[in-house]
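Undergrad: One structure, as structure tokens, below. Some questions next.
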Amino acid sequence: MEQNIVVLVKSDPEESHRPVEAIRIALGLLSGDHKVSVVLLDKSPLLLGDMAEDLVDGEDLEKYLPPYKELDQTFYVEKVALSRTNLTESDYSIKPISMQEISDLIAQADRHLIF
């Protein structure tokens, strides 16, 4: 049964393993028949930057991110977080969204996971 799932990542990847774990879990959900929206807040957009290997569990992140490109998965990044992290270039599809749009995504979801 297809579910609409939002994975909200707000932990700091410079200090916690939780953001990389969120990426891993979201990838597993994407491999099923689910619609998965990955939303990055605060410092979590650093996951998509070119210095990702320097983050906590960065070596694992390098294994989990490439399939997102192959699946043409879009990452939703909160606009203020995007400007704070200076993520000007990324190999991944990024859609800047407002907090209201994030609220709407969560409200429409069948399930949500917060990391």
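Undergrad: Nearest 5 percent is fine: what portion of the DSSP beta bridges confined to the stretch 1-107 is antiparallel? Present the calculation step by step, with values, prior to reporting the outcome.
TA: Values: 0 of 14 bridges.
Of the beta bridges lying entirely in the stretch 1-107, close to 0 percent run antiparallel.
Undergrad: Turning to a different aspect of this structure: Which whole-angstrom value gives the distance between the alpha carbon centres of the stretch 1-60 and the stretch 84-102?
TA: 13 Å
Undergrad: Between His112 and Lys35, what is the label-to-label distance in nm when each label sits 7 Å out along the Cα-to-Cβ direction?
TA: Using points 7 Å along Cα→Cβ, the separation is 1.6 nm.
Undergrad: Also, I was wondering about something else. Which of the peptides 105-115, 40-50, 54-64 is most tightly packed, and how do the rest follow, judged by the mean count of other Cβ atoms within 10 Å per residue?
TA: 40-50, 54-64, 105-115
Undergrad: If you don't mind, there's one more thing I want to ask. If amide hydrogens are placed 1.01 Å from N in the peptide plane, which non-local residues have theirs closer than 5 Å to the one on Phe75?
TA: Ser93, Ile94, Lys95
Undergrad: Also, I was wondering about something else. Read through the labelled values (i) 220; (ii) 84; (iii) 132 and report the label of the one computed as volume of the Cα convex hull per residue in Å³ from the structure.
TA: Among (i) 220; (ii) 84; (iii) 132, the one derived from this structure is (ii).
Undergrad: Kindly write out, for the stretch 48-58 in residue order, the coupling ³J(HN,Hα) from the Karplus curve 6.51 cos²θ - 1.76 cosθ + 1.60 (θ = phi - 60°), rounded to whole Hz, with x marking Gly and Pro.
TA: Once θ is set to phi - 60°, the couplings for the stretch 48-58 become 9, x, 7, 9, 4, 5, 7, 7, 4, 6, x Hz.
Rule-based calculations on the coordinates, nothing more; no lab input. It should be emphasised that the depicted structure is a prediction, and the values quoted were computed from it without experimental measurement. Positions of Cβ are generated from backbone atoms using ideal geometry, with glycine treated the same way; all protein chains shown enter the neighbour counts.
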